[in-house]
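Step one of this worksheet: look at the structure below.
The values are calculated or read from the model by the stated rules, or taken from the named source; none is laboratory data. Quick caveat, the model's predicted, so the values are computed rather than measured. In this analysis, Cβ positions are derived from the backbone assuming ideal geometry, glycine residues included, and neighbour counts consider all displayed protein chains.
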Amino acid sequence: MTDTVLFDYWRSSASYRVRIALNMLAIPYGSVSVDLLSGKHKQPEHLARNPQGLVPALEIDGHMLTQSLAIIEYLAETRPDTTLLPADPLGRHRVRALSYAIAMDIHPSCNLGIVAYVMQQASDPDAARAAWMRKFIGEGLQAFERLLDNAATGDFCHGGKPSMADLCLVPQIYNARRWAVDLTVCPRTMAIADRCAALPAFVAAHPDQAAPK
Ligand SMILES: N[C@@H](CCC(=O)N[C@@H](CS)C(=O)NCC(=O)O)C(=O)O
């Protein structure tokens, strides 16, 4: 079996999702940090891994994979006994819908390149960035809270085991805290996020563990 290498950045939510998945599946992997702040993700070396110029990219099973949710689904399909996606179609739909609510609706509007552009247009860039983050993460998480008001929600976003949706939620909450988003209005979401955050696979994937020493 080829070595598994994750090309990531410690604060990247999308990378954090994949780190949790690899830990949950006990897949040993090495990490290569791609420094977003100095633009390493736009250099030819990283574009050869991911032509989009984004992290993460995962080298696994002799392939270079991109897109965190597609990577997680690949892992769910190729590794036995995962709880990342439920066995039933309706359950899979729900886990994907919850995951997309974060990964496709909240996360892209708060990405580095987007926010850098917002800052360029503003007379007070730092204040504009903070207001932008609070608005889009706050509104998105309030919608997520409403989605969790569902009989299929259990100790975790879907039922009693962590799934891909929880892997999306925890990094988004890390990001929300970074920007001082009001999370008191999302009690259901926070109870699940706190429960996940205590699990070893999530602890080991935390940005504090992945930060360059
Ligand atoms: N949909 C992609 C998103 C990847 C993504 O946006 N990664 C961010 C870090 S979380 C990034 O590389 N940002 C660099 C930039 O915006 O220039 C995925 O889930 O993998």
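Data overview
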quantity	calculated
Residues located in region 33-75, provided they are part of a strand (DSSP E or B), within 14 Å of the ligand (Cβ to nearest atom) and free of Cβ contacts under 8 Å to residues at least 40 places away in the same chain	M64, L65, T66
Of the criteria (1) free of Cβ contacts under 8 Å to residues at least 40 places away in the same chain; (2) basic (K, R); (3) under 22 Å from N111 (Cα atoms), which one R134 fails	(1)
The one condition in (1) farther than 24 Å from G39 by Cα; (2) modelled with pLDDT under 95 that G154 fails to fulfil	(2)
Every residue from region 3-32 that is of a type in the set (S, T, N, Q), more than 12 Å from the ligand (Cβ to nearest atom) and in contact (Cβ under 8 Å) with a residue 60 or more places away in the chain	N23, S31
Qualifying residue in region 170-178 (condition: in a loop (DSSP other than H, G, I, E, B) and in contact (Cβ under 8 Å) with a residue 24 or more places away in the chain)	no
Selection within region 76-89 - in a helix (DSSP H, G or I), under 15 Å from L25 (Cα atoms) and not small (G, A, S)	E77, T78
Options I106, I27; residue that is of a type in the set (A, V, I, L, M, F, W, C) and either in contact with an Asp or Glu (Cβ under 9 Å, 6 or more places away or on another chain) or modelled with pLDDT under 95 (or both)	I106
Count - residues of region 9-42 that are touching a strand residue (DSSP E or B) at 6+ places or on another chain (Cβ under 6 Å) and either surrounded by fewer than 22 Cβ atoms within 10 Å (Cβ to Cβ) or of a type in the set (D, E) (or both)	4
Residue in region 43-53 that is buried (at least 19 other Cβ atoms within 10 Å of the Cβ), touching an Asp or Glu at 6+ places or on another chain (Cβ under 9 Å) and of a type outside the set (S, T, N, Q) present	yes
